[in-house]
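Supplied in structure tokens, the structure appears directly below.
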Amino acid sequence: MNIKKYFATTYHHSILPLLTPFEQEIEITWGIYKFIKQNKTNPIGIIFPEYAFNLNTLSIAAKKNISFSLISPGQIKKIRYVNELKWHPANKTNLYNIKSAYVKLPEEDIINLLVVPKYIWNNKKYHLNYKEDNFKNSSYEIKIYENTSIGCKYGLKCWKEECTCKSSNQNDFHQHWKKPLRRALNLVKYYIDESFFTLGKNYFIDPRQALLNYGKLILGLQSKDLFVKKYIYNQNLNTAFQLLEMESLCLNMFSSYIWQSRDISSSRVQQNLKLALMAIYTLERISGIYILNNFLEILEEAISNNHHIGNGRFLVEHYILPKLKKSSSI
Ligand SMILES: [Zn+2]
């Protein structure tokens, strides 16, 4: 069997522990909707990008009826047999032959983690040998190293600042741009969340529920009429949808691929900066809050490897903004 077909993924390829709990919930919820759209059934498990998670991430997934995820052996801290009192530090010997283990979560939730390095997960043989009745609670309990991943030796560093680990080794390219870029994107998200929830009260019956269920509308799992009926009470639908779209743009801009780029001037990063700008202009249009200057000020600190570009501010002002203004009506 191909067990991959039982696993959803998050909606965007984002490093979940670097997002707020609510953002994580949206990524998981929309990811489940995407799976339902493609497979006409609920997923049993979910795969977190780069296996990056913490207990909070796992709890959110468990609350959404997700029973399985994946963990790499190096992310396991301690292990014990079910009901055994003593914990044992995880090592090659006691992890040998352990196919899955569960983690206890708050409120008596649990989640099972298949112990599988990514290269094995991507190997057809692993799936061929997997039997459906293996989808049951494991007899082993583990404690995990939180906020770790399979993509960065130092946990989550590669996706937020300069990192010396192998996977971010870009030869002569420095990564001084990463930290200010993360800060600039977080600033945008902060103001957009503030506005979404403050203004949202005037449009949505429950802003939180509206946003969580917006994924269904994006994916065509729910009609616009029904969505409006269930979540929006204001006649001004245009602004209500702009608020939702602004949040959606923001979630998209955190995608983890941009952090593997060689430079802030790479096309992937430019694409996500464009999403940030679109969100910034939407915010200005519907709330009158102007954050473009703050955004650019932070990006001035994001030094590019390309001397012609200099920094993130120059990149936005001279390369991204002119194109954006040409292509849309901002
Ligand atoms: Zn790293």
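The values are calculated or read from the model by the stated rules, or taken from the named source; none is laboratory data. Just so it is clear, the model here is predicted, and its values are computed rather than measured. Backbone-built Cβ (ideal geometry, glycine too); neighbour counts: all protein chains shown.
For P180, only one of the following conditions fails: (1) within 16 Å of the ligand (Cβ to nearest atom); (2) under 19 Å from R262 (Cβ atoms). What is its number?
(1)
In addition: Hey, can you tell me all the residues within the stretch 104-160 that are within 16 Å of the ligand (Cβ to nearest atom) and β-branched (V, I, T)?
Step one: filter the stretch 104-160 for residues within 16 Å of the ligand (Cβ to nearest atom), giving 118, 145, 147-160.
Listed by number, the residues that qualify are T148, I150.
Rundown of residues vs (1) hydrophobic (A, V, I, L, M, F, W, C); (2) more than 21 Å from the chain's Cα centre (by Cα), yes/no style:
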| site | (1), (2) |
| --- | --- |
| H174 | no, yes |
| P180 | no, no |
| V188 | yes, no |
| F197 | yes, no |
| K201 | no, yes |
| D206 | no, yes |
| V228 | yes, yes |
| N238 | no, yes |
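Here are some residues: N94, N112. Which one is part of a strand (DSSP E or B), out of contact with any helix residue (DSSP H, G or I) (no Cβ under 9 Å at 6 or more places or on another chain) and not hydroxyl-bearing (S, T, Y)? First the steps, then the outcome.
Details: N94 fails: part of a strand (DSSP E or B).
After ruling out the rest, the residue left standing is N112.
Can you spot a residue in the stretch 73-90 that is closer than 20 Å to I60 by Cβ, in contact with a strand residue (DSSP E or B) (Cβ under 7 Å, 6 or more places away or on another chain) and either surrounded by 14 or more Cβ atoms within 10 Å (Cβ to Cβ) or touching a residue at least 40 places away in the same chain (Cβ under 8 Å) (or both)? Write out each step before concluding.
Filtering the stretch 73-90 for residues closer than 20 Å to I60 by Cβ gives 75.
Okay, now just the ones that are also in contact with a strand residue (DSSP E or B) (Cβ under 7 Å, 6 or more places away or on another chain), so 75.
Cutting the leftovers down to either surrounded by 14 or more Cβ atoms within 10 Å (Cβ to Cβ) or touching a residue at least 40 places away in the same chain (Cβ under 8 Å) (or both) gives us 75.
Yes; the residues of the stretch 73-90 include at least one that is closer than 20 Å to I60 by Cβ, in contact with a strand residue (DSSP E or B) (Cβ under 7 Å, 6 or more places away or on another chain) and either surrounded by 14 or more Cβ atoms within 10 Å (Cβ to Cβ) or touching a residue at least 40 places away in the same chain (Cβ under 8 Å) (or both).
Right, another one. Would you check which residues across the stretch 183-223 are touching a residue at least 24 places away in the same chain (Cβ under 8 Å) and among the basic types (K, R) and list them?
Listed by number, the residues that qualify are R183, K189, R208, K216.
Hey, another quick one. Tell me whether the stretch 130-142 contains one or more residues that are outside the structural domain of L221 (by TED's automatic domain parsing), in contact with a Pro (Cβ under 8 Å, 6 or more places away or on another chain) and closer than 25 Å to K153 by Cα. Walk me through it before giving the result.
Step one: of the stretch 130-142, the residues outside the structural domain of L221 (by TED's automatic domain parsing) are 130-142.
From what is left, the residues that are in contact with a Pro (Cβ under 8 Å, 6 or more places away or on another chain) are none.
The answer is no; no qualifying residue exists.
Yes or no: the stretch 153-169 includes at least one residue that is small (G, A, S), assigned to a helix (DSSP H, G or I) and within 21 Å of the chain's Cα centre (by Cα). Full working, then the answer.
From the stretch 153-169, those small (G, A, S) are 155, 167-168; that's our starting set.
Next, only the ones that are assigned to a helix (DSSP H, G or I) stay: 167-168.
Adding the requirement that they be within 21 Å of the chain's Cα centre (by Cα) leaves 167-168.
Within the stretch 153-169, one or more residues are small (G, A, S), assigned to a helix (DSSP H, G or I) and within 21 Å of the chain's Cα centre (by Cα).
Tell me, yes or no, whether the stretch 161-172 has at least one residue that is of a type in the set (G, A, S), surrounded by 13 or more Cβ atoms within 10 Å (Cβ to Cβ), under 23 Å from P17 (Cβ atoms) and within 16 Å of the ligand (Cβ to nearest atom). Show your work before the answer.
Narrowing the stretch 161-172 to residues of a type in the set (G, A, S): 167-168.
After this cut, where a residue has to be surrounded by 13 or more Cβ atoms within 10 Å (Cβ to Cβ) as well, the list is 167-168.
Add one more test, that the residue is under 23 Å from P17 (Cβ atoms), and what stays is 167-168.
Narrowing further to those that are within 16 Å of the ligand (Cβ to nearest atom): 167-168.
Checked against the condition, which is being of a type in the set (G, A, S), surrounded by 13 or more Cβ atoms within 10 Å (Cβ to Cβ), under 23 Å from P17 (Cβ atoms) and within 16 Å of the ligand (Cβ to nearest atom), the stretch 161-172 yields at least one hit.
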